[in-house]
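The values are calculated or read from the model by the stated rules, or taken from the named source; none is laboratory data. Being a predicted model, the structure only gives us computed values, none of them experimental. As a convention, Cβ positions derive from the backbone with ideal geometry for all residues, glycine included, and neighbour counts pool all protein chains shown.
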Amino acid sequence: MTSLRRQLLVTLLGAILAVFLVTGAATYVIARVEIDEVMDYHLRQFALSLRDQSFGRPVAPIVAPEEAFDFVIQIWDGRGMRLYLSHPHSVLPDLAQFGYTTVRTSDGVWRVFSVPLLDRVIQVAQPMRVRSGMAAKAALATLTPLVVILPLVGALIWYLVSRGLRPLDRLARGVRARRPDALSPLPSAGVPQEAQPLVEALNGLLGRLDHALSAQRAFVADAAHELRTPLTALQLQLQLAERAADPHARQQALTALRGGLERAIHLVSQLLTLARAEPGSGDDRPDARCPLAEQVRASLGDYAALADARDIDLGATTLDDGALVDCEAPALRTLIGNLIDNAIRYTPPGGRVDVGVGRDEGFAWLEVADSGPGIPASERGRVLDRFYRQPGQTETGSGLGLAIVKAIVERHAGRLVLDESEHGGLRVRVELPDASRATAAGAAS
């Protein structure tokens, strides 16, 4: 598991260590430049200090100089004869180039200063490794205190990071201590600005969970209420069948019992369909690209017999075969079937039900219009609620047909519109994202 505290500590300590290294390198470079300037000055002063010394015939020193003595001195007379050499085994060249020069030899790099004074030439040289060592010591001396306090800095950073993360720890403890049914928003007072988006996201999630649980409780309560009535009726019909005195009365009671069972089965089936159609109840991604007109033709064939039995003129006004939608095919068939079934059931004998499919800007549409009594504008929002039925309605039903349609439309990111049809009844229009454009674009590419 990734620890934010550990990650911050490692990152900050790494950044500080990198700064130390960069500072050390910069200190070394600056010290080296300063030492070069000072040592060059010393070379010149040393050379000038030898102008008044007396040197006779060319000799070499009998005793080797101290090892701590870093300079090599050579002196020539005006004819080029060497009068003095401080180190008998010097690897420096025998010729002098006036001024400051840097000479590479088998013994390393040397800094050389040569100057003509009176009748002689004086040369003073120093190995560059001496200067590098002095610069390194200066940089190390500067960084040593910083390196020593690095553990203290790490402990301080750990404390400060832990202190800065305390509001998140309190937030986590508060969420952990909540009961499963405690879905009130988390308090945002005292929460750092950086953690506010997290608190807002959690509060949004809690709000959605509260809404979903409230809807679920309402659904269960409504379903229990709606199921209690048919189950009670089934129990009464069963008692009537048991008490029937003759075969004819028993047959009538059994027929009524069968009808009650069919209504109960239909109600349970509608409840299951509604539960599956709810957004978030499963994989919300459409699994097929459906020709909308083809689905409508199949549904018209399914309901033709019911329409004939009720003397309803069921037909299609327009069917655009180019209208494609990304859909779950069974859910789309359920949507179309519910709309046609509702239209047939609430249209009086001799009426008509027209179905149309077409395309508009960016969406494919499906319309089902009937010549029934319609729904008043004030009731059109409520008829989409579960189990709601208009007052005075005589047609049997569960009150779930349009609620299922609404859930399926929302699951497919569509839009549902109820208004008055040209026949005076209800017109239901479903608009779904048009997939034909995506298909044409894919074919073109």
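Could we say that residue 341 is assigned by TED's automatic domain parsing to the domain that holds residue 412 and exposed (fewer than 14 other Cβ atoms within 10 Å of the Cβ) here?
So residue 341 does not fit the description; no.
So for the stretch 119-129 (the condition being in the same structural domain as residue 50 (by TED's automatic domain parsing), assigned to a loop (DSSP other than H, G, I, E, B) and either at pLDDT below 80 or more than 26 Å from the chain's Cα centre (by Cα) (or both)), does at least one residue qualify?
Looking through the stretch 119-129, at least one residue is in the same structural domain as residue 50 (by TED's automatic domain parsing), assigned to a loop (DSSP other than H, G, I, E, B) and either at pLDDT below 80 or more than 26 Å from the chain's Cα centre (by Cα) (or both).
Would you pick out the residues in the stretch 314-338 that are in a helix (DSSP H, G or I) and closer than 15 Å to residue 353 by Cα?
The answer is 336, 337, 338.
Identify, by number, the condition in (1) within 22 Å of residue 11 (Cβ to Cβ); (2) more than 28 Å from the chain's Cα centre (by Cα); (3) loosely packed, with under 13 Cβ neighbours inside 10 Å that residue 145 doesn't meet.
Every condition holds for residue 145 apart from (1).
Test each condition in (1) farther than 30 Å from residue 94 by Cα; (2) surrounded by 13 or more Cβ atoms within 10 Å (Cβ to Cβ) for residue 176 and report the one that comes out false.
All conditions are met except number (2).
Among (1) under 30 Å from residue 19 (Cα atoms); (2) outside the structural domain of residue 44 (by TED's automatic domain parsing), which single condition is residue 199 missing?
(1)
If I ask for residues that are assigned to a loop (DSSP other than H, G, I, E, B), surrounded by fewer than 22 Cβ atoms within 10 Å (Cβ to Cβ) and in contact with a helix residue (DSSP H, G or I) (Cβ under 8 Å, 6 or more places away or on another chain), which ones from the stretch 344-378 would you list?
The answer is 362, 375.
Between a residue in the stretch 346-366 that is assigned by TED's automatic domain parsing to the domain that holds residue 335 and any residue that is surrounded by 19 or more Cβ atoms within 10 Å (Cβ to Cβ) and among the polar types (S, T, N, Q), which pairs come within a Cβ distance under 7 Å, given they are 6 or more apart or on different chains?
Note: pairs meeting the criteria are 347/371; 351/371; 352/371; 353/347.
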